[in-house]
Amino acid sequence: TNVVLEGACDDGDPCMLSLCKSGECVSVSPVDCEDDDQCTEDACGAFGCAHVPKNCSDGSPCTDDSCAQATGCLHIPVDCDDGNPCTTDQCADALGCYSTYHAGACDDGNPCTYGDVCALGACSAGEPNACNDGNACTSDACDIALGCTHLPVNDRALCEDGNPCT
């Protein structure tokens, strides 16, 4: 009597699942190479399943391209901010990040000036800050590190208010 075995067998094709049927090895369905990783291209070839990293580059210098396993390719906009308050920062596919000058108010970081303005892409100092507090009994000055200072004056003549009772 001939015994016919049923079950898995190898038909020589690494991309097909095979079963013994009626004494022959028969291909019944393709091998599932899906690895549930959105960052790989899954395929079957001469050596079986292959998981090739996905190229997520969109060719734009205006995006940081990466891949997240669960969601796939990401194209996050590049931050072109150059930290200069006197430029408008943008990105174009042909150029990448670039800046253009603009006019307007700015702050040069010096507390001893006010009315600073943008000129040719740089913040230019405005008028000196006199720091006048309107009190004749203080000496008003400006210090770059401290800003306006108002130190008491010990000169009675400067502090005379015209009232003989004070």
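The values are calculated or read from the model by the stated rules, or taken from the named source; none is laboratory data. None of the values given here were measured: they were computed from a predicted structure. With ideal geometry, Cβ positions are generated from the backbone for all residues, glycine too; neighbour counts draw on all protein chains shown. The protein model used for the area step is the full one, side chains on, heavy atoms only, and it has no ligands, DNA or RNA in it. Shrake-Rupley method; radii C 1.70, N 1.55, O 1.52, S 1.80 Å.
Inspect all residues belonging to segment 70-88 and state whether any of them is open to solvent by less than 40 Å² (accessible area, probe 1.4 Å), within 19 Å of the chain's Cα centre (by Cα), modelled with pLDDT under 95 and hydrophobic (A, V, I, L, M, F, W, C). No: zero hits. The single condition from (1) more than 23 Å from C86 (Cα to Cα); (2) loosely packed, with under 12 Cβ neighbours inside 10 Å that I144 fails is (1).
When you go through D64, D35 one by one, which is the residue that is at pLDDT 95 or above and surrounded by fewer than 15 Cβ atoms within 10 Å (Cβ to Cβ)?
Values: D35 fails: at pLDDT 95 or above.
The match here is D64.
Taking the listed residues A119, A105, the one that is open to solvent by less than 50 Å² (accessible area, probe 1.4 Å) and hydrophobic (A, V, I, L, M, F, W, C) is A119, with no other qualifying.
Restricting attention to segment 30-38, does a residue exist that is under 30 Å from D93 (Cβ atoms) and under 41 Å from the mean Cα position of the chain (by Cα)? Yes, segment 30-38 contains a residue that is under 30 Å from D93 (Cβ atoms) and under 41 Å from the mean Cα position of the chain (by Cα). Taking every residue in segment 17-41 that is at positive phi and pairing it with any residue that is surrounded by fewer than 14 Cβ atoms within 10 Å (Cβ to Cβ) and assigned to a loop (DSSP other than H, G, I, E, B), at least 6 positions away or on another chain, the pairs with Cβ-Cβ distances below 7 Å are S22/V4; G23/V4.
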